[in-house]
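Any read-out appearing in this document is the output of simple, stated calculations on the displayed coordinates, not a laboratory observation. Every value quoted in this text rests on a predicted model; they were computed, and no experiment measured them. Here the Cβ positions follow ideal geometry from the backbone for every residue, glycine too, while neighbour counts run over all protein chains shown.
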């Protein structure tokens, strides 16, 4: 039957009503249900506004021009306070609202709010185990990225807010630094190899005026350009630029110099062990990370076994494509051919970067024109393709997506890192664009943001297994339209999938089975086609981000199993457009809830 085919999910599965709200109880009228559901939504709206008010930076991410002269409070005291407020809110919700008196969406919202709080309760004791800084996306790189890409300067007041934030940077980074020092005292130290990357990335932010001679530094370049575009007098512009230079020199510069000194000191005491197992209570910590990211109770051993099985299955499909292109040799020989043959990369120069951008944009534009064949609901927000800015190329992911502004002022963005074009092979281009852009992250995230009748916390939900599982599943969706016409591009689709399957093996290998960094690299080199540089960067990512990499394939497996089961039960009644609508129509949810929602849809079709 439908549920028996699915992987096990989080033991505290959310009980979503399968069918219409039960109004048969004589003491619960339809009017009571409507009233209580609206009151719950109003209560959620009030809690969301309170949470938003505590995060000036989130306000800016959402495109709001409120509190734009402030940065978030990132002290340990603030984190503890936010956690306490969250738990108090759950207690209050349970006291004020009766689950039986809510409509279908109200019940989903109630359970999701409860679920998120329960996960926090499990995770909060291990909050200090999560590295404050890492070489990919720590505050040292997030801050300039935030200022450059998200703080809009359209008025003199906007510019003053920008400058005020630069002035607040010293205190802002001091909070992160204090938490990091406390971590190190508790024996939670990054692997030694990470520190050189942190130091280099931090020095890149300080490269140039007003910190040193040469061209303007990245943030100074940004604020000067934004001030120059203002409709203001030359005197006002000059004054603003002088204020920005002063804030950079007295706040941003000292903040980064202090970070660099701390990183250099910690590097001297760091060791070469990589896994979460080395941390205090490391096994229990890793278990919470797997639970958080996959939204299941799958153990590390079970995930490891799933990974090995999936790698073997996908390799069998890869060998069929090798036969199709008449390649003679082993699968490893074919991997080496893909890694080294020049036909699979553009030139590693500005011309090659421009060519990649043109073709990646064309992939997205072509998919945009075909969405009606696969989807009923489509996002209103547009999406663009951009190159990762040079100042963060060395530390940024190979590709990623940033959501659009809530007010429509900024489109969703698929960023591609072209520091070394050779690390972005052309046979992966289609699948990568589908994952990060359309029909992947942009479809799911933008649709969620635009949903009506549900609380904001659901529109901005972030259950990794659902979000990344959808994006990985979305790589295969264009195959329904025959868009992978080139066998090498289809091999690229399989390469992306086996990449995520191998992650199950190496993440659990590193953090549970005590694999070394090099052992994990060699496993990937032997079993997937990605370039060696890409593989080494990925392994470094998994080391500092325990469990996150397992969510992709676990989520994809769930969505794929739900689809297959629905097709088997519905036969000719199955509609891929309706299925996708069900998956996307409720925002981000744990996999257990997704199972309930699809099961409800299947029952309604029968």
Taking R0 as 25 Å, what FRET efficiency do you get between residue 301 and residue 336 from their Cβ-Cβ distance, rounded to the nearest 0.05? 0.20
Sorted by average packing, counted as other Cβ atoms within 10 angstrom per residue and highest first, what order do 163-169, 238-244 take? 163-169, 238-244
Full extension from residue 273 to residue 242: what is 0.36 nm times the residue separation minus their Cα-Cα distance, to one decimal in nm? 6.5 nm
Under a plain spin-label model, where a point goes 7 Å from the Cα along Cα-to-Cβ, how far apart in nm are residue 603 and residue 182? 4.6
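If R₀ is 35 angstrom, what is the calculated FRET efficiency for the pair residue 261 and residue 312, using the beta carbon separation as r and rounding to 0.05? Don't skip to the answer; put the middle values down first.
Numbers: r = 48 Å, r/R0 = 1.39.
Once rounded, the FRET efficiency stands at 0.10.
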Please identify which residues in region 211-233 have an amide N closer than 16 Å to a label point set 7 Å out from the Cα of residue 146, following the Cα→Cβ vector. 219
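Before rounding to the nearest 500, sum -39500 (n - 2.57) across all DSSP H runs of length at least 4 in the chain and divide by the residue total; then give [θ] at 222 nm in deg cm²/dmol. Display every interim value, and only then the final one.
On the way: 24 runs with 361 residues, N = 606.
The helix contribution divided over the chain gives -19500 deg cm²/dmol.
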Could you order peptides 224-236, 448-460 by the average number of other Cβ atoms within 10 Å of their residues, highest first? 448-460, 224-236
Once label points are set 7 Å from the Cα along Cα→Cβ at both residue 209 and residue 96, what is their separation, rounded to one decimal in nm? 5.4
Mind checking the alpha-carbon convex hull of region 285-559 and giving the volume per residue in Å³? 134
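On full extension of the chain, what length is gained from residue 518 through residue 122, given 0.36 nm per residue of separation minus the C-alpha to C-alpha distance?
Values: separation 396, 0.36 × 396 = 142.56 nm, distance 3.20 nm.
Extra length from residue 518 to residue 122 when fully extended: 139.4 nm.
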Quickly work out the residue 572-to-residue 73 label distance, labels modelled 7 Å from Cα along the C-beta direction, and quote it in nm with one decimal. 6.4
Just one of [x] 37.1; [y] 31.4; [z] 28.2 is mean projected area of the Cα convex hull in nm² as worked out from the coordinates here. Which one is it? [z]
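Give the peptides 88-95, 463-470 in descending order of average Cβ contacts within 10 Å, highest first. Let's see the in-between values first.
Working: 88-95: 13.2, 463-470: 25.1.
Output ranking for 88-95, 463-470: 463-470, 88-95.
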